[in-house]
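Heads up: the structure comes next, in structure tokens.
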Amino acid sequence: MSLRVLDTDRYGRIVAELVLKHGPVLNHEIARAGLAWWFGRYAPNDRELETLEREARNPRRGLWGDDAPVPPWEYRRR
């Protein structure tokens, strides 16, 4: 496994991709399974994440199986 650092956010946290041993990116695998949101504000150039989320929404995989999933940024505002 390796960590590919992409950026640091405004709170000083590392924004990264975790590359698994045989090449897939863990971030992408989690999105493919419907277990993560793509937040364009933090990954605006990662069109693959955007596509994977859209592809997980259609068959209602993972969190998309919920009737009204709430994005984390909206949940925190409540």
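The values are calculated or read from the model by the stated rules, or taken from the named source; none is laboratory data. This structure is a prediction, so every number in the text was calculated from the model and none was measured. Positions of Cβ are generated from backbone atoms using ideal geometry, with glycine treated the same way; all protein chains shown enter the neighbour counts. Keep in mind that these areas ignore ligands, DNA and RNA; they rest on the heavy atoms of the full protein, side chains included. Shrake-Rupley method; radii C 1.70, N 1.55, O 1.52, S 1.80 Å.
Carbon-plus-sulfur fraction of the accessible area of the chain, 1.4 Å probe, in percent?
Heavy-atom surface of the chain belonging to carbon and sulfur, 1.4 Å probe: 52 percent.
222 nm [θ] for the chain, helices only, -39500 (n - 2.57) per DSSP H run of 4+, per residue, to 500?
Here the helix-only value at 222 nm equals -8000 deg cm²/dmol.
By the scheme Lys and Arg +1, Asp and Glu -1, what is the net charge of all other residues having a beta-carbon under 13 Å from that of residue 31?
Details: positive: 32, 47, 54, 57, 61; negative: 17, 29, 46, 48, 50, 53, 55.
After counting each charged neighbour, the total is -2.
Rounded, prolate or oblate for the stretch 1-58? Axes are the square roots of the Cα gyration tensor eigenvalues, ordered a ≥ b ≥ c, and the cut-off for rounded is a/c under 1.5.
Note, shape of the stretch 1-58 comes out oblate.
What number comes out for accessible area per residue over the chain if the probe is 1.4 Å? Units Å², please.
Details: 5880 Å² over 78 residues.
The answer is 75 Å² per residue.
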